[in-house]
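Okay, structure first, notes after.
The values are calculated or read from the model by the stated rules, or taken from the named source; none is laboratory data. Please read all numbers here as calculations on a predicted model, not as lab measurements. Positions of Cβ are backbone-derived with ideal geometry, glycine not excepted, and every protein chain shown enters the neighbour counts. Only protein heavy atoms, including side chains, enter the accessible area calculation; ligands, DNA and RNA are left aside. Shrake-Rupley method; radii C 1.70, N 1.55, O 1.52, S 1.80 Å.
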Amino acid sequence: MNSPLVIEPLFYVGPVPITQPVVATWVIMAVMVLFSLLLSRHLKPRPGRTQAVMELITGALDHQIEEVVQSDPAPYRVLIGTIFLFVLIANWSGMLPGVEPPTAHLETDAALALLVFAATLYHGVRSNGFVGYLKTFAEPTWIMIPLNLVEQITRTFSLIIRLFGNVMSGVFVIGIMLSLAGLLVPIPLMALDLLTGAVQAYIFAILGCVFIGAAVSEGRDAASQERSPS
Amino acid sequence: MRIDWWTIGLQTINLVVLLWLLGRFFFRPMTKVVAERRTAANEMLDAARAAQEKAEAATKEAEAERQRVAASRQEALEAARKEAEAQRAKLIEAAHEEARRERAEAEAALDHARGQAEAQLARQANALAADMAARLLEGPAAKLPLASFLPELEHALAALPKATRAKLATEAAPATLVSARALDEAEQQDVREALGRALGHEATLTYDTDLTLIAGLQLSGGMAVLDVNLRADLDRVTARLDARDE
Amino acid sequence: MTVEEISILSAAIAVSFGALGPGLGEGRAVAAALDAIARQPESAGTISRTLFVGLAMIETMAIYCLVVALLVLFANPFVK
């Protein structure tokens, strides 16, 4: 059985090894962009069925972001929405035969968490100023500075490990079941994987939102800051 | 365990590109269309609210109009009622007036009729008195001598105009002398003489009798009739009484 | 007992105990959340969102154990 922690390059472009998650991500990207192009070409004030579903999703996203951040969702909409949709599609792409979800590998999850980490820094600096954002690390006292720094790192790692562990375990369990029983038996586990994939996509997006919201609001309102979990 | 740093880098670039693409081609048009629809909906809501307000204003105005119409109707009714009352009062007044006038007229007519009846009565009384006088006088008056009337006849003739006198009792047109009783020869002679004196020429006479004269003479000839008798006196008296009673 | 056998045993122990604690914790969290929703149905949305995030936090512990088990199984530094 192959280790889920190791990926072999499919081919090389010059010195760059191209691995399976990268190719899968490209395909997913192509599908998403094509779909949005088709959709945005046919956007109407009176929505069709597809447009209505998409508007429902974006509206729900806006609502969730607004509830977590407690401010206008417009600056965070693109980041959180893209992360949610990408993770969701990537998690569910494991249902297609022969496709391994890109999120079942540490590298993709690391890239996603890196994005969230960068967005946290960016929005924290943008709303509090550079010095103001640095000051938030000394909340509530300067003794907390090392802990806060460590927290920034650990929560990013926990984001990576959570998504990776959930999706990878699902893929792993289905692989084991297939090797043991074969036909029809993995289907309930695959259904569970669908649920887990959707929940993990939601949790990843919401946690990213919580982190960004905490970075934005910590300087603004120290009393009601959200202690981010490690 | 081996972390593939190339894959991490590639995936990060992939994700950033996806972020940009989705932001450009998915989220921006979606947000725009939603905002547009919201604007349109707000506009429609505003228009609907404005229309509703207008309708309410129109309703209010119609209500006011209705009340105004009702008030004016009430007013018109009141005026009509007043006018009818005035008309009625006037009619009643007119009727009263008419009745009063008719009563007055009736009274006047009654008075007139009564006056006429009284006059009639008086005339009858006069006639009766004259009649009674005539009856009373019939006996004694017949015995009056002719001579007592002649001076009066002469006097009456003298009052006539000369031309009439000249044509009276000529031979061509003899006058008629009517007396209450038949005259004898001597009396006729006296009369002729007296007339001749009065007329200035010979009198040519025919004689006649009429009992209704009671006593006295009547000379008629040409256009003149001279009455010197009691009947004529009675008639004059009666006429004068009637004139007084009228 | 070889290193491989010890590795397999330790992986099983890690996963079993790693599943035990989060299982208990998640049960308590869901019970408390249901209680809160029953008391205040109007704030069910906020409660369930927080519940999901919290469950994900708790589940992370089990996932950590799973990752450790996988490391022990597939990336054991003591296996040559």
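Odds and ends about this structure:
- Rounded to the nearest 20 debye, the dipole size of the protein assembly as shown about its Cα centre is 3440 debye, using +1 on the Cβ of Lys and Arg and -1 on the Cβ of Asp and Glu.
- Its Kirkwood hydrodynamic radius, worked out from the mean inverse distance over all distinct Cα pairs, puts chain A at 19.6 Å.
- Farthest positive-ward along the protein assembly as shown dipole, Cα basis, beta-carbon charges - from A:L79, B:V178, C:C65: C:C65
- Here is the tail figure for chain B: Cα pairs spaced more than 30 Å apart come to 70 percent of all pairs.
- P(r) weight above 19 Å for region A:1-94, C-alpha pairs, percent: 59
- Positive dipole terminus of chain A, leading residue within A:L159, A:I174, A:V116 (C-beta point charges): A:V116
- If you sort B:D46, B:D245 by accessible surface, 1.4 Å probe, largest first, the order is B:D46, B:D245.
- DSSP bridge analysis restricted to region B:144-245 gives an antiparallel fraction near 65%, rounded to the nearest 5.
- Taking B:R240, B:R24, A:R46 and ordering them by how much accessible surface each has at a 1.4 Å probe, largest first, produces A:R46, B:R240, B:R24.
- A:M190 - accessible surface, heavy atoms, 1.4 Å probe, Å² rounded to 10: 60
- Occluded residues from region A:187-210, i.e. those whose accessible area drops by 20 Å² or more once the chain is not alone (1.4 Å probe): A:V199, A:Y202, A:I203, A:I206, A:L207
- Those residues of region A:14-47 for which accessible area with every protein chain present is at least 40 Å² below the isolated value (1.4 Å probe): A:V16, A:P17, A:V22, A:M29, A:V33, A:S36, A:L43, A:P45
- Nearest-10 value in Å² for the accessible area of C:L51, using the 1.4 Å probe: 40
- Mean Cα-pair separation over length for region C:3-73, i.e. relative contact order, pairs under 8 Å, 6 or more apart, %: 59
- Accessible area per residue (1.4 Å probe, heavy atoms of protein chains only) ranks C:T50, A:T25 as C:T50, A:T25, with the largest value leading.
- Percent antiparallel among DSSP beta bridges (both partners in chain B, rounded to 5): 65
- Taking only protein heavy atoms and a 1.4 Å probe, the accessible area of the protein assembly as shown is 66% carbon and sulfur.
- The mean sequence distance of close C-alpha pairs (under 8 Å, at least 6 residues apart), as a share of the length of region A:1-127, puts its relative contact order at 25 percent.
- Within the assembled protein chains, the solvent-accessible surface assigned to C:L24 is about 120 Å², based on a 1.4 Å probe.
- Note on region C:1-50: the alpha carbon radius of gyration divided by the globular reference 2.2 N^0.38 Å gives 1.90.
- Between region C:1-68 and region A:43-114, the alpha-carbon center distance in angstrom: 25
- Charge dipole (region C:3-73, unit charges on Cβ, about Cα centre) - positive-most of C:A14, C:G54, C:S43: C:S43
- Cleavage-rule hits, GluC sites (Glu not before Pro), region B:141-232, DSSP coil, Cβ neighbours within 10 Å at most 13: B:E171, B:E202
- Largest first, the extents of the alpha carbon coordinates of region B:32-127 on the three principal axes equal 136, 13, 5 Å.
- The residues of region B:163-227 expose on average 53 square angstrom of accessible surface per residue, using a 1.4 Å probe on protein heavy atoms.
- Whichever aspartates and glutamates have a C-alpha closer than 19 Å to that of B:K167, once near sequence neighbours (fewer than 8 apart) are set aside: B:E154, B:E193, B:E202, B:D227
- Largest-first ellipsoid semi-axes for the protein assembly as shown, taking √(5λ) over the Cα gyration tensor eigenvalues, angstrom: 165, 25, 22
- Rolling a 1.4 Å probe over the heavy atoms of the protein chains gives chain A an accessible area of 48 Å² per residue.
- Shape metrics for region A:93-200, restricted to C-alpha atoms - Rg then Dmax, Å: 19.3, 60
- Total accessible area lost when B and A pair, probe 1.4 Å, Å² to nearest 100: 3300
- Accessible area of region C:3-73 divided out per residue, in Å², using a probe of 1.4 angstrom: 58
- Taking only the C-alpha atoms of region B:144-245, Rg followed by Dmax gives 13.8, 45 Å.
- Remark: relative contact order (region B:144-245) = 32 percent; criterion is Cα-Cα distance under 8 angstrom and separation of 6 or more residues.
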